[in-house]
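This report refers to the structure that appears directly beneath it.
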Amino acid sequence: MADETNERVHEAFDAVRRDLDDRLGVEERAAVERLRDAAAEGDAVRAREELAAVKERHGWLHEELVKHPGLAAVIDELALWGF
């Protein structure tokens, strides 16, 4: 993955953490980190699996992630790459 894209992924997830950190428990933080790592590595299969796991276990968090402006833009970009 290009450095610029990797940087945008990290910036988007940092923004998510800033916006949601007070609502995240240990498990939710770990889920966000796993999703971020998969996206930053360009691992579409793992990222899809992590996002599905978040949706299954933490519905409210999934909703917040997909509607977060910075992260939504990154997800759109990843979708173009097969995410």
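Laid out as a table, the results:
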quantity: Subset of the range 11-30 [under 13 Å from the mean Cα position of the chain (by Cα) and either of a type in the set (S, T, N, Q) or farther than 17 Å from ALA72 by Cα (or both)]; calculated: GLU28, ARG29, ALA30
quantity: Inter-residue pairs, beta-carbon under 6 Å, first within 16 Å of ARG29 (Cα to Cα) and in the range 41-53, second in a helix (DSSP H, G or I) and at pLDDT below 90, 6+ apart; calculated: ALA47/ALA38; ALA47/ALA39; GLU50/ALA38
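Matching residues to (1) modelled with pLDDT under 90; (2) charged (D, E, K, R):
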{"site": "ARG8", "(1), (2)": "yes, yes"}
{"site": "ALA15", "(1), (2)": "no, no"}
{"site": "ASP22", "(1), (2)": "no, yes"}
{"site": "GLY42", "(1), (2)": "yes, no"}
{"site": "GLU63", "(1), (2)": "no, yes"}
{"site": "GLY70", "(1), (2)": "yes, no"}
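The values are calculated or read from the model by the stated rules, or taken from the named source; none is laboratory data. Everything numeric in this text was worked out from a predicted model, so none of it was measured. Ideal geometry is used to build each Cβ from the backbone, glycine not excepted, and the neighbour counts take in all protein chains shown.
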